[in-house]
Every structure is written in structure tokens, then in C-alpha cells.
Amino acid sequence: MKIILIAVNAKYIHSNPAVYSLKACTGAYSSHVDILEFTINQQPSYLLQEIYKRQPDVAAFSCYIWNRNMLDAILPDLHKILPHTDFWAGGPEVSYNAQEIIDRWQLRGVMAGPGEGSFAHLVSCYVNGNADSLPAILDSTNGNRLFLDEIPFWYAKPNEDVITDNGEYPGITMEDEHRIIYYESSRGCPFSCSYCLSSIDKTMDFRSVSRVCRELSFFLAQKAPQVKFVDRTFNCRKDHALPILQHILAHDNGITNFHFEIAADLLDEDYFAVLRQMRPGAVQLEIGVQSTCPETIAAIDRRMDFAKVADVVRQITSWNNIHIHLDLIAGLPYENLDTFRNSFNDVYALRPEQLQLGFLKVLKGSAMEQRAPQYDLIYTSLPPYEVLSTKWLSYKDICLLKQVEEVLEIYYNSGQFVHTLDFLCSYFASPFAMYEGLARWYEKHNLFGIQSSRLRKYEILLDFGLYVITSHTKEISLLREYIIYDLYLREHMKNRPVFAASLEKWKENIHGILHHEAETHELFPELISCNYRELTKVLHAEVFECIFDTPCTVLFCYERRNPLTNNCIEVKILTV
């Protein structure tokens, strides 16, 4: 009996924890189960060929909003080339309209809800010749449900869950060290946000803290680059979250980054005592603000004290060791363009490392789907079921916000233009107004939809700035210097950009500084083995005449990077 679990991920670097978890739960029958992972960027014909090569008796798909269209494309043809194969599906995209999906894709059945127990039962029935007894809809809420602590440790090979007395996993290696590791320490969410599927099932399930710590120790020992917790609200239970963070702090390997989605207003001094000690880059926190409009927050059944969230974010930011990612959602009820501008400006003022401007997805089975008529909520017919307009926000408004999202991603979230953006923001009534202006500049010059080089993005921002600053020679000089400063903070340019002023008059001064550094290594002792010629390859010297009180030479060192910003780690300012 040959059974394959098929994942179609959004990107290559993503992994699908569901299929590995399902296989891990099949126990003695695991030899009958193989895993295939694809991405939505591959051609449907390639998926067809690879699945056909396996000649499966059973093929089971992990279904989400990002791969639904791909499955629509390939399943009709899979039936043609594999007429004797039974096809199953599971996941959030099929759990709440199971019979509709069975009819649409001509499936043998659907696994609804948490699938580990259901899939183990399915495999045992097929291997033992009892598949005819399986119902069309296997719903784990009605039986065959496994809890998190019963699920084997799956992100390893060979497939085993053996731990030695000292807590190690013998002879186990990572599945793929180049992918993000997704890890689940809790399942479900105690909150009731109307746009989220977790609001439907109030069940909360936790892995034991001791087990989580053992498994995280495995990732740390393997020096995994990033472990991303998929817990909906990691810190919803303090006795679960706090000891996990303490374990990460105590066993930090200097490499691995841990990502958590949290509710900031649940953090307290006990959390702060641990978080402020973390190595810079060891932890990043994603915080869903979604909106700062009180009427909107109430309408989506969300509990949030934004004043407390803001205080927490400011406190964490002051430590300079933790990456903060804040989320907003456009298209929520009672939020028009003006109130969304306010939400944007409120969140932007907190200066997170990333500000994600997302758009409401009306998920199947969610409370938001049920309330859509009440809100005049129109959304796309195909996944990801994204908002097109509401009673408060027109499609024209959505189009503008889409453009703002794109320039925000290019210029703010890249972290490459920090000083220039701060300088330009002073010419606008608000941060949102600046990004709106930049979006209109992009539209006017037909820049959307074009893959611009890194250097071209600096040129575009300079052109926009020159348009905004209509006079004042000194202000224009400041703009040019901020652009250059941001450029060399991030890029070790081999060729000098055309918009940079000549350094000819400072040539001897720069040579003197570099020669002195080659002799003394006072500024960069970590480069003590480098001679003058080698230093010129790892350092860049730039003279700024305007942005500091007096003309200064700045040395940019590219040997190490700031883990929060990815800018060069050392910048030394020397008076000329």
C-alpha cells in the first residue's frame, strides 16, 4: 500500500509541519507513507508528473488558501492519469465545507479538524484492507483525536521519537536546514477575533513544557537558523510560555532565532526580566494590532489595550535586542480611510522593525463570513477571499492602500532607507501621507510592477525627495547625504553611484585614516590581521559635510551585521 501526503507551500523556504506530523502519527504503518512537497510557483504539469511517478494508492492533500487554486488546477487531471487512486484532503480550507469540496474535487473523503488521529486511522484502514469502512468525512472532533503531547517529534529523520536519558535525540538530523522550521507548542486560541478560524473552536491544547524544551534543545544543537512558532498566541498562558523563553535564554547557541506571535498586553515584568537579557537577534515578536479604532476592535470581538501595547513595544524597543513586527489589517468593519490612516500613524510611531499592512481575508467558516452582508463586505470569490470593499471602504480606497502597502514593503520594511525616510517625513503631515505621496509618485511614473534593482530604489527615493523639496540648497544636500548614508550602511558598493558627490578633495584624508587604522587597529581590533589593502576591501570611508555638526568621515565595516537591521555593525565617526 503506497500513501503519499502532498504539501504545496507558498515558498521553497517554507515547510509544511502538518504532513510531517501526520506521518509521525502513523506508527508501525509509517513505511507505507511518503511525503511530497511542492510550491505554488511550480508549474501544475510538474506536480502532475511527480505525483504520477509515485503511482500512489492514496494521495492526501494539505489544503490552505494559498494553494487552493493550484489544487483546483491539478485534481481534475490527476483523476485522469491516476484513475484507481483514492484522493483525500484536509486542512482549514476544506474543513468547513467538506461535502462541497468532496463533490468539487471528486474526493474519496475529507479529514476535518486536527488530522493526526484521523490520518493514523485512515492509514491503518487502508493497510489492513478496511478502507470501505471509512466515512466520507473523517472529523476528529467525533473521535480519533490526538492531543499535542501524544504527537511524536516529527521534524527529524529517521522517523522516531526516542529520547536518551540526557534528553538528546540520537542519530537524528534536520529534514532540511535551509527551510524555516515551523513548530507548534500550543494549538487553538483563547480569543474570539471574528476574522480568525481559531475563534470557532475554543479548545486549547498544549505540549508539556518539559517536552517543548527537549525538542527546542534539538533545534539548538542542530544550529537551526530560525524556529517559527505557529502558536496563535504564544503567551496566552504564562506558566507555559515563560519557562520556554527561560530555556531559550539559558541555552542560546548564538545562531538560532525564535519567532513568536504574542499578545503584547499580556506581557509583564516577569517576561521583561527574561526578554531584556536575550542576545540581539535571538527572538523576534510579532504583535497583531490590526487597528487602533475602538469601534473596530469591538466589532471584531477583539480585546486589546493599545495604550498598554504601545508602552510594551517602546520598552522592548529600548533594549535594542528584539525584532518587533507589528500587523495592521485593512478592510475591518467601521474602519474608513481616515481611521485607517490614524491606525497606521499610531503604529508607525512605535517604529517597529517591520510594519505589515495586510488585508482582511474572509475565511470559510469564520464569524466574519457570517457577518459579511451586515458590513456590505465584498471579497474575492477565489482564495485568498480578500476584501474588495466594505460599507466604510471603497474599492478605490483598497487600491490606494495596496499601493501604500507596496512602497511600505520596499522602503520601510527593507530597513534600507531609515534615515532618508525620517528626513522626508518632516515634509508631510503624517507618515501615512508620506507613503501615500510616494505611492502616487510610483503610479505617476509607472514604477509599480517593475522589478527595480537595489540601487534603482535609492535613485527613485532621491527623485521623489527632490520633487518634495522644491527649494533650499542645504535641504537638498541633506537629502543626498542621507541617501548615501543609508546606501553604505547596507551596501558595500564596488562602484560609486552616479548621484554621490566626488570624494576627490578628501582622498588624502581618507588614505591617512585607513593607513593609520592598518597600523594601529584602534577602531576595528577584530580586523587586526588585515593590512591596508585588505582593509580597503572590508571598510568603506565616506565624508559627510551636512548631516553632522561638522564635516565627518564615517567608516563603514561590513565584516559583521546588526542582527536586527542587517546594517553594517560598526560605524565610526571621525572629525575631519
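What follows is calculated from the coordinates using simple rules that are stated; it is not laboratory data. Given the structure is predicted, the values throughout are model-derived calculations rather than measurements. So basically every Cβ, Gly included, is an ideal-geometry build from the backbone, and we count neighbours across all protein chains shown.
If we count other beta carbons within 10 Å of each Cβ, what is the order of ASP231, ASP86, fewest first?
Least crowded to most crowded, the residues run ASP86, ASP231.
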Globularity ratio of the range 394-501, using Cα Rg and 2.2 N^0.38 Å:
1.06
Going by average Cβ density within 10 Å per residue, which order do the peptides 296-303, 422-429 take, highest to lowest?
296-303, 422-429
Relative contact order %, the chain, counting alpha carbon pairs below 8 Å whose residues are six or more apart
8
Taking the Cα atoms of the range 502-576 alone, what are Rg (to one decimal) and Dmax (as a whole number) in Å?
12.5, 35
Of the listed pairs LYS53/LYS223; LYS308/LYS457; LYS474/LYS572; LYS391/LYS444; LYS457/LYS505; LYS23/LYS364, those with alpha carbons more than 32 Å apart are LYS53/LYS223; LYS308/LYS457
Percent of all alpha-carbon pairs of the range 3-142 at distances over 22 Å, whole number, is 31
Whole-number percent relative contact order across the range 502-576, with pairs defined as alpha carbons under 8 Å at least 6 apart
22
How big is the chain by the Kirkwood estimate over distinct Cα pairs, in Å?
26.8
Fewest-first ordering of MET111, MET278 by Cβ atoms within 10 Å yields MET278, MET111
